[in-house]
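Pasting in a structure now, in C-alpha cells, and then I'll have a few things to ask.
All of the numbers you see were taken from the coordinates with simple rules; none came from a lab. If you're wondering where the values come from, they're calculated on a predicted model, not measured in any experiment. Backbone-built Cβ (ideal geometry, glycine too); neighbour counts: all protein chains shown.
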C-alpha cells in the first residue's frame with residue numbers, strides 16, 4: 001500500500017518536521033507571510049499544537065506612518081518588508097512580550113530579498129535574530145533609493161519609533 005503525504009504537505013503549505021521543531025521550542029514565533037500586494041508579520045503563540053495569533057502587522061499599516069499614497073503599489077517591496085519587520089519588532093518590545101523565534105514557512109530562501117528585509121527590520125528594532133550578514137539587503141535597497149518614486153524612509157522609520165502602542 002502506497003503512503004500518501006498529508007494534504008497540507010502536498011499543497012506546499014506545511015513542513016511538519018520543521019513545525020514540530022518550532023513547537024518543541026515552546027517559544028512564541030514571528031511568522032512572515034507575503035501576498036500578491038502586501039507583506040505581513042504575525043506574533044504567534046502555540047499551546048498544545050494550537051496556534052494563537054496575538055497580533056499581526058501588514059504593510060498596509062505603513063500608510064498610517066507616512067508611506068506615500070502614490071507608492072501604494074510598492075507595499076510588497078524590500079523597503080516595505082523592512083519597515084513591516086521594524087514595526088512588528090517595535091510592538092513586541094513596547095508590549096514587553098517574550099523574545100520570539102522566526103518562522104519563515106515554506107518560502108524559497110533568496111538572499112537579499114523581501115524575507116531578509118523583514119529579518120533586518122526585526123534585528124534593527126532590537127530583537128535577537130540570528131542571520132548571516134551577507135544574506136541581508138544593502139542600505140540602498142532598504143531605504144528605497146532604487147525606486148522611481150522616492151520614499152521618505154527616515155520619516156516613516158522615526159514615526160514608527162515614536163509610536164507607543
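With contacts defined as alpha carbon pairs under 8 Å and 6 or more residues apart, what's the relative contact order of the chain in percent? All intermediate terms of the calculation are to be shown ahead of the outcome.
On the way: 257 pairs, mean separation 37.3, N = 165.
Reported relative contact order: 23 percent.
If we sort 38-45, 81-88 on the protection proxy, mean other Cβ atoms within 10 Å, highest first, what's the order?
81-88, 38-45
Further question: To test your reading of the geometry: what angle, between 0 and 90 degrees and rounded to tens, separates the Cα axis of helix 114-124 from the longest principal axis of the chain?
In the chain, helix 114-124 runs at an angle near 70 degrees to the longest axis.
Once Cα extents along the principal axes in Å is worked out from the coordinates, which option in (i) 64, 47, 25; (ii) 59, 34, 29; (iii) 50, 37, 32 does it equal?
(ii)
Okay, moving on. Using Cα springs under 10 Å in a Gaussian network model of the chain, which residue among 32, 118, 107 shows the largest mean-square fluctuation?
Answer for the Gaussian network model of the chain: 107.
Counting only C-alpha contacts under 8 Å and six or more residues apart, can you give the relative contact order of segment 82-165 as a whole percent?
Values: 87 pairs, mean separation 31.0, N = 84.
Averaging sequence separation for qualifying contacts and normalising by length gives 37 percent for segment 82-165.
Within segment 92-107, find all residues whose amide N lies under 18 Å from a label point positioned 7 Å from the Cα of residue 13 along Cα-to-beta-carbon.
Flagged as within label range: 104-107.
Using the alpha-carbon centroid of each, what span in Å lies between segment 11-76 and segment 89-145?
When both Cα centres are located, 12 Å separates them.
For helix 78-94, what angle does its Cα long axis make with the longest principal axis of the chain, in degrees from 0 to 90 and rounded to 10?
Between the helix axis and the principal axis of the chain, the angle is about 80 degrees.
OK, next. Tell me what the chain gives for mean residue ellipticity at 222 nm when only DSSP H runs of n ≥ 4 count, each as -39,500 (n - 2.57), the sum divided by the residue total, rounded to 500 deg cm²/dmol.
For the chain, the value works out to -9000 deg cm²/dmol.
Ok, one more. Pick from 15, 36, 128: which residue has the top mean-square fluctuation in a GNM of the chain where Cα pairs under 10 Å get a spring?
Result: 36 has the largest fluctuation of those listed.
Right, another one. Set the Förster radius R0 to 45 Å, insert the Cβ-Cβ distance between residue 3 and residue 97 as r into 1/(1 + (r/R0)^6), and round the FRET efficiency to 0.05.
For R0 = 45 Å, the calculated efficiency reads 0.65.
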